[in-house]
Structures are given as structure tokens and as C-alpha cells.
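Undergrad: Pasting a structure here, questions to come.
The values are calculated or read from the model by the stated rules, or taken from the named source; none is laboratory data. Keep in mind that this is a model prediction, so the values were computed, not measured. Here Cβ is always computed from backbone atoms with ideal geometry, including for glycine, and neighbour counts include all displayed protein chains.
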Amino acid sequence: FKQKTAYEILSGLVGSEMCIRDRDNPIISDSEYDDLFNELLELEANYPNLSFSHSPTQRVGSKPLDGFTKVDHLTPMLSLENAFHTKDLQDFDKRIKERLISEEHISFSCEPKLDGIAVNLIYKEGYLHQATTRGDGKTGEDITHNIKTIPSIPLSLRVTEIKPPKLIEIRGEVFIDIEDFKKINRNAKSKSEKVFANPRNAAAGSLRQLDPKITASRPLKFFAHGLGSLDYGKNHSIQTQMEVFDFYRSWGLPINPLTELSRDINECISYFTKIEGLRAQLPYEIDGVVFKVNSFKMQESLGQVSRAPRWAIARKFPAEVGSTTVKSISFQVGRVGSITPVAGFEPLNIGGVVVSHASIHNFDEIERLDVREGDSVQIKRAGDVIPQIIKVDLSKRHKSSKKITAPSKCPSCNLSLIHISEPTRPERISYAVFCLK
Ligand code: IVH
């Protein structure tokens, strides 16, 4: 009985775990919470048959796993078409209207595009059943043990007048605030450990851990933004994207507070301008905004092309650019033996992210840019894309600089390399360099 009481109080059958721990409006004090939590830990240790998979004690991280299990998503996780200009959004609107034919009004949900890691959460009868990474969209990896350590992800959905469904796939983004990312890196540096290149990598690295105790130690956050499969029995249904957010909020799932409904594409365009203005003040990284046709009926008739829906689009922020000096150009040997030139440069802060390397896709690119060690270059970083050299400032080039040529020997094993030409597609790669070892 005692265990049940501690469990109920903590997990939210009485009130909600979210409410109890709500920073602004706590139901019990931190020390009362800690006391109950420790009591529950002790009781579960003594009566293991009574410890539930959705118990709040799961938050601290269970035993390390041997590996990640592959899991097929019930409904595929799609990707998004990108828009880089206002005109692309107007074209998107036009395409939708042409396809739908009907004169019905079309409104859109507008959401910041978080630069994090997409996850799929399956809740059965209101309890978190399984959590997976997006993977290739069809199959992901089971990360339930790690997801359970994220405080803002409910282990059980809050029961209100909107009852949780039999089964639901809730999609969203796991991320790390920029300040927390910096803290993790400062800490790693002080221990001479590997630092993360950006908050997204820090979130990915923290989620893809076999030891959930490591994940539990990282301040991961979550915003829900989508719906996969839904089995709601006969009496309930969800008809719009904005309704999804209402349901999610009522169940205790975090939704980005900047989410809004626009009545037409012009309001979407204004929303983009507004978010672009707010971007620098946000505690987390975003790389654009996402617009989704609000009505599920319309979404259904629009369907998808390859792996992106026709009813959604991501308006990305323009790439960010900065200048630096190339310190070195080295050659990396890939998994399949392909040799890729990599430029190392003076670390440079582009849009809040420090970059010090850029991959140069192939040797054509080296020739096209004629980039050399010591050159002053312009670097572009577009969201989650690896930084790229876009231009060399020839006016600042040293007379003694030497042209870079493809190596003849493998930098890793010293074997002679082979150069392969692809004459049929000269615009892509005219030659690639491989090590056959
Ligand atoms: S919706 C069919 N909404 O962007 C819709 N995605 O480029 C698929 N993302 O894999 C995604 N914020 O990781 C959607 N508000 C948002 C998002 C969002 C970030 C990510 C998500 C997805 C990627 C697609």
C-alpha cells in the first residue's frame, strides 16, 4: 500500500508528475519529492514484482544495454521539402490549391523547426510503451531506456476529459539548449574528453547511449510536433494539426509555445519573419519554420511525393557565412576506402556554432575552388549541414602557396590509390580517389 501511495503521488495519478515538478507551480517541495522518491526506490528494491515500467524511478536510468534493437515504425516518419525563398512558399500554396480543387479555406499550423533529433513515442493505454529514433524513416532504433530519463516526456499521459487513446505514435524533437550544450562541452574539455560540434550532435550523442545513466545526466528537452498511428476506438478522432497540439497539451506533453495557426500563406510568410527576428533570443537552435496544412482531411487527399508530404514544407533560414584562414588540408579515408579532402581552419563562430573543419566533397571541388593551405576563405554553415568552403579570397593569397593535388598513396595504409573518372557525369565527379585495401 505504501509503495502504491508513493508511486501514485509521484507519477501523477494524483495530480500529475508534471504538475508536481512544475518549476513555477509545484504541488510539493523538492525535498518532499526527494523523500518520496527515495522511499519509492527502497520499496521497489524490496518488492521488485511491484515495480512498474512507468514508475518515476525509471527516470534515473536503468541498467546499460548490450546494443540497440531495430524497430519498424507503425507509420513511416516522413521528411520535409525545403523552401529557401518567399516565392517557394507561394508556389507551395498554389500547388496545394490546384490539387485540392475545392474552394475550401486552407489554414496552416506554423511551428519553429527545431534543430534536434526526431523521435517516435508509442503510448499504449496512456503509458509510454516504446521510444525509437527516426532512423531511415521506416526503421529506427529502440531508445526507450534513454527517453524515460527525459523529465518533460511523460511516462504516463495525464488523464483529463480527453482520454488517452489505445495506441498513439507521438512524434517530436529531442534537443539541448545552447547554454546547456556549452556547459557539457566545458565539462568535457576540462576532462580532455571529446567535445560536441553543436547542440544537435550533443543531443544525438546523449540519446544514443547504451548506458541510460549518461543520458539521465544530460539536460535533454522535448517538444512534440506530430502524429503517427492513432487507434482511438470508435468515439474519438482528431481532425487537425492544431487539435493534435491541444490533445498533447492536455496529456502533459510539451508543445513549442511559438506554435500558431495561420489562415493563409501570407500569414505564414509573416510568421517566418517574426520567428527569424526572435531566433537569436531563443534558448535553443532552430534552422527554420515548418508549415503544415491544418486539416487532416486535406492532408490525406494531398498525399506525398517519395518521402515528403505534399501538405508540409520547411522554410529554412539562409545559410550563415563567415571568414577564416585554412590551416591544413588533409585526406580522410572513408569506410569504403574513398579519400575525402578535409580543410582545417582557425576556429570560427558562425551563428553561435564554432566550426574548425569543412569537408571538401572531392578533388574536383579542390580544383574548382583552387583552395590552398594558408588561404583566406569564406565558410558557409546551413543548419545541420557540414560547413562548406564557398570562396577563396585570391587577393590575400601568399605567393609561396602550393596547389593541392590528389595523393598517390593512401594516408592511412600507404597503398597506391586509384583514381576513377566518371566521364558520363562530368558535372558531378570527374574523378574519385579510392584505396582498395
Ligand atoms: S514535421 C511530415 N515539424 O525536421 C512531417 N518536423 O526535415 C515530418 N523537425 O525529421 C516532420 N521541427 O526532425 C516537423 N515542427 C516540426 C519540426 C520538425 C523539427 C525536424 C524533424 C524532421 C525534420 C524534417
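Undergrad: Considering only residues of the stretch 234-272 that are at pLDDT below 95 and among the small types (Gly, Ala, Ser), which is surrounded by the most Cβ atoms within 10 Å (Cβ to Cβ)?
TA: Among those that are at pLDDT below 95 and among the small types (Gly, Ala, Ser), it is Gly252.
Undergrad: Considering only residues that are farther than 23 Å from Val353 by Cα and of a type in the set (A, V, I, L, M, F, W, C), look in the stretch 305-338 and name the one that is surrounded by the most Cβ atoms within 10 Å (Cβ to Cβ).
TA: Ile313
Undergrad: Where residues in the stretch 183-196 are surrounded by 17 or more Cβ atoms within 10 Å (Cβ to Cβ) and not β-branched (Val, Ile, Thr), which of them is farthest from Asp115 (Cα to Cα)? Talk me through it step by step, then tell me what you get.
TA: Kept after step one, since they are surrounded by 17 or more Cβ atoms within 10 Å (Cβ to Cβ), are these residues of the stretch 183-196: 184-185, 196.
Filter once more, keeping what is not β-branched (Val, Ile, Thr): 185, 196.
Values: Asn185: 18, Phe196: 15 Å.
Result: Asn185.
Undergrad: Continuing with the same structure: Can you find a residue that is part of a loop (DSSP other than H, G, I, E, B), modelled with pLDDT of 80 or more, surrounded by 16 or more Cβ atoms within 10 Å (Cβ to Cβ) and not hydrophobic (A, V, I, L, M, F, W, C) anywhere in the stretch 411-433?
TA: Step one: list which residues in the stretch 411-433 are part of a loop (DSSP other than H, G, I, E, B), which gives 411-415, 417, 422-430.
Narrowing the set further to residues that are modelled with pLDDT of 80 or more leaves 411-415, 417.
Filter once more, so that each one left must be surrounded by 16 or more Cβ atoms within 10 Å (Cβ to Cβ): 417.
The next check asks that each one be not hydrophobic (A, V, I, L, M, F, W, C); those that pass are none.
No, because not a single residue in the stretch 411-433 is part of a loop (DSSP other than H, G, I, E, B), modelled with pLDDT of 80 or more, surrounded by 16 or more Cβ atoms within 10 Å (Cβ to Cβ) and not hydrophobic (A, V, I, L, M, F, W, C).
Here's the yes/no breakdown for (1) closer than 30 Å to Asn349 by Cα; (2) among the acidic types (Asp, Glu); (3) surrounded by fewer than 23 Cβ atoms within 10 Å (Cβ to Cβ); (4) more than 15 Å from the chain's Cα centre (by Cα):
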position: Leu114; (1), (2), (3), (4): yes, no, no, no
position: Leu128; (1), (2), (3), (4): no, no, yes, yes
position: Gly137; (1), (2), (3), (4): no, no, yes, no
position: Thr144; (1), (2), (3), (4): no, no, yes, yes
position: Val159; (1), (2), (3), (4): no, no, yes, yes
position: Ile176; (1), (2), (3), (4): yes, no, no, no
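Undergrad: Take the conditions among the hydroxyl-bearing types (Ser, Thr, Tyr) and within 15 Å of Ala224 (Cβ to Cβ) and apply them to Tyr123. Does it pass? Talk me through it step by step, then tell me what you get.
TA: On the way: among the hydroxyl-bearing types (Ser, Thr, Tyr): yes; within 15 Å of Ala224 (Cβ to Cβ): yes.
So Tyr123 passes the test.
Undergrad: Only one of (1) away from the ligand (no atom under 15 Å from the Cβ); (2) under 20 Å from Gly116 (Cα atoms); (3) surrounded by fewer than 16 Cβ atoms within 10 Å (Cβ to Cβ) fails for Pro212. Which number is that?
TA: Condition not satisfied by Pro212: (3).
Undergrad: Another question about this same structure. Taking the stretch 368-381 as the search range and keeping residues that are at pLDDT 85 or above and assigned to a strand (DSSP E or B), which one is nearest to Lys183 (Cα to Cα)?
TA: Ile379
Undergrad: Being basic (Lys, Arg) and either in contact with a Cys (Cβ under 9 Å, 6 or more places away or on another chain) or free of Cβ contacts under 8 Å to residues at least 12 places away in the same chain (or both) is the filter here, so list the residues in the stretch 250-291 that pass it.
TA: Across the stretch 250-291, the qualifying residue is only Lys274.
Undergrad: Of the residues that sit in the stretch 251-277 and are more than 22 Å from the chain's Cα centre (by Cα) and in a loop (DSSP other than H, G, I, E, B), which one is farthest from Thr86 (Cα to Cα)?
TA: My answer is Arg263.
Undergrad: Which of the numbered conditions does Glu243 fail, given that it passes all the others? Conditions: (1) under 17 Å from Gly172 (Cα atoms); (2) within 14 Å of the ligand (Cβ to nearest atom); (3) not aromatic (Phe, Trp, Tyr).
TA: (2)
Undergrad: Exactly one of these conditions fails for Ala204: (1) within 13 Å of the ligand (Cβ to nearest atom); (2) buried (at least 24 other Cβ atoms within 10 Å of the Cβ); (3) farther than 23 Å from Thr57 by Cα. Give me its number.
TA: All conditions pass for Ala204, except number (2).
Every residue, every condition in (1) among the charged types (D, E, K, R); (2) touching an Asp or Glu at 6+ places or on another chain (Cβ under 9 Å); (3) away from the ligand (no atom under 16 Å from the Cβ); (4) more than 20 Å from Phe222 (Cβ to Cβ), yes or no:
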position: Asp72; (1), (2), (3), (4): yes, no, yes, yes
position: Thr75; (1), (2), (3), (4): no, yes, no, no
position: Leu80; (1), (2), (3), (4): no, no, no, no
position: Asp93; (1), (2), (3), (4): yes, yes, yes, yes
position: Glu98; (1), (2), (3), (4): yes, no, yes, yes
position: His105; (1), (2), (3), (4): no, yes, yes, yes
position: Leu121; (1), (2), (3), (4): no, yes, no, no
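Undergrad: So Ser62 fits all but one of (1) more than 16 Å from the ligand (Cβ to nearest atom); (2) at pLDDT 80 or above; (3) among the hydroxyl-bearing types (Ser, Thr, Tyr); what number is the exception?
TA: Exception for Ser62: condition (2).
Undergrad: Same structure, new question: Identify all residues within the stretch 292-304 that are surrounded by fewer than 17 Cβ atoms within 10 Å (Cβ to Cβ), outside any helix (DSSP H, G or I) and in contact (Cβ under 8 Å) with a residue 40 or more places away in the chain; write none if there are none.
TA: Answer for the stretch 292-304, where residues must be surrounded by fewer than 17 Cβ atoms within 10 Å (Cβ to Cβ), outside any helix (DSSP H, G or I) and in contact (Cβ under 8 Å) with a residue 40 or more places away in the chain: just Gln304.
Undergrad: Please find, among Arg59, Arg95, the residue that is on the phi < 0 side of the Ramachandran plot, in a helix (DSSP H, G or I) and loosely packed, with under 15 Cβ neighbours inside 10 Å.
TA: Details: Arg59 fails: loosely packed, with under 15 Cβ neighbours inside 10 Å.
Criteria check complete, one pass: Arg95.
Undergrad: How about the stretch 317-367: which strands (runs of 3 or more DSSP E) wholly inside it have at least 2 residues that are of a type in the set (Ser, Thr, Tyr) and at pLDDT 80 or above? Please lay out each step first, then the result.
TA: Details: elements: 320-333, 339-350, 353-359.
The qualifying strands (runs of 3 or more DSSP E) are 320-333.
Undergrad: When you look at Ala280, is it under 19 Å from the mean Cα position of the chain (by Cα), farther than 19 Å from Ile153 by Cα and either away from the ligand (no atom under 14 Å from the Cβ) or in a loop (DSSP other than H, G, I, E, B) (or both), yes or no?
TA: On the way: under 19 Å from the mean Cα position of the chain (by Cα): yes; farther than 19 Å from Ile153 by Cα: yes; either away from the ligand (no atom under 14 Å from the Cβ) or in a loop (DSSP other than H, G, I, E, B) (or both): yes.
Criteria met by Ala280.
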